[in-house]
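This report refers to the structure that appears directly beneath it.
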Amino acid sequence: MNLTDEQLRIINHSRGHARVSAVAGSGKTTTMVARVGRLLQQGTSANLIMVLMFNKSARDSFAQSMQNRLSSAGQLPAVRTFPSLGMRLVQSFTKRGALPAYSLVTEDYVQEKLARQVANEMYRLEQKNDGWLAGDEVEEFLAFIDRVKSTVTGAAEVFKKLKLSSRYSYFIKAYELFEKVRKQRKMRFYADLIHEPLMAMRADSE
C-alpha cells in the first residue's frame, strides 16, 4: 500500500484530537482503515474504537474495507451511523430515567403533517388572518427544525444566526409548539436521536 506523507501523519497521530478534511477520492477510507489498524496494532481494544458514519451505505462500505484489509487483526471495531449511535444512547438514557420512553417515528409524512399543523397555527396567529402556508414555507420550517436540533442554542438563536427573513418570524413559536405536541404524543423523529441525548448529557453531570 503506497501512502503519502500526509496519510502517514494521520495514521500515526498520537496526541489529542485531530480533524482531517479531504475531498472525494483523496483516499480517506484507505487512510482511516490504516488508522484503525495502527490503533489495533498498538494494543487498543476494538471495543474502545468508535467508527461513525453519516449513513448506512458509508457504514457498510467502510466495514467491508476493514474486513478486507484488517481481517488478520482479530476483532474489529463496530462501524455505526449517527442514528444508530443515537438510538443506543436514547435506550440507555431511558433506562436511567434521563429521557422519557417515546416511540421512534420513521415515516416522514408524520413529521411533515405535524410541522404543517403547528406552522399554520402560528402563522395565522401572527398574521391575524385565516390564510394557509404554501408548501415551500412548510419545507423551510422543516429545515429550520433540523437546524435547531443540530445545535444546543435554541430556536431564537438559530433564527438570528441564519438571518432569516422577518416573514418567517413565526418559526420560533412554531418550533416550540412542535416540540410541545411531539412530546405530548410521545414521539421521536430521527433528529431527536442525536439532539435529546446531547441535551440530556448537558443537563446531567453524570
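Laid out as a table, the results:
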read-out	value
Some residue of region 144-153 being at negative phi and more than 15 Å from the chain's Cα centre (by Cα)	yes
Residues of region 147-175 that turn out to be surrounded by 14 or more Cβ atoms within 10 Å (Cβ to Cβ) and either touching a residue at least 40 places away in the same chain (Cβ under 8 Å) or part of a helix (DSSP H, G or I) (or both), as a count	16
Yes/no for residue 104 being surrounded by 14 or more Cβ atoms within 10 Å (Cβ to Cβ) and under 18 Å from the mean Cα position of the chain (by Cα)	yes
Residue list for region 119-146, filter: open to solvent by less than 60 Å² (accessible area, probe 1.4 Å) and closer than 21 Å to residue 188 by Cβ	119, 138, 141, 142, 143, 144, 145
Meets criteria (within 22 Å of the chain's Cα centre (by Cα), under 26 Å from residue 87 (Cα atoms) and open to solvent by 30 Å² or more (accessible area, probe 1.4 Å)) for residue 115	no
So residue 7, is it surrounded by 14 or more Cβ atoms within 10 Å (Cβ to Cβ) and either touching a residue at least 40 places away in the same chain (Cβ under 8 Å) or of a type in the set (Val, Ile, Thr) (or both)	no
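Condition check ((1) surrounded by fewer than 16 Cβ atoms within 10 Å (Cβ to Cβ); (2) within 30 Å of residue 188 (Cα to Cα)) across all residues:
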residue	(1), (2)
24	yes, no
41	yes, no
45	yes, no
55	yes, yes
61	yes, yes
66	no, no
80	no, yes
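The values are calculated or read from the model by the stated rules, or taken from the named source; none is laboratory data. These numbers come from a predicted model, not from an experiment. Quick reminder, even Gly has a Cβ in these numbers, built from the backbone with ideal geometry, and neighbours come from all protein chains shown. To get the accessible areas, we keep the full protein, side chains included, count just its heavy atoms, and leave off ligands, DNA and RNA. Shrake-Rupley method; radii C 1.70, N 1.55, O 1.52, S 1.80 Å.
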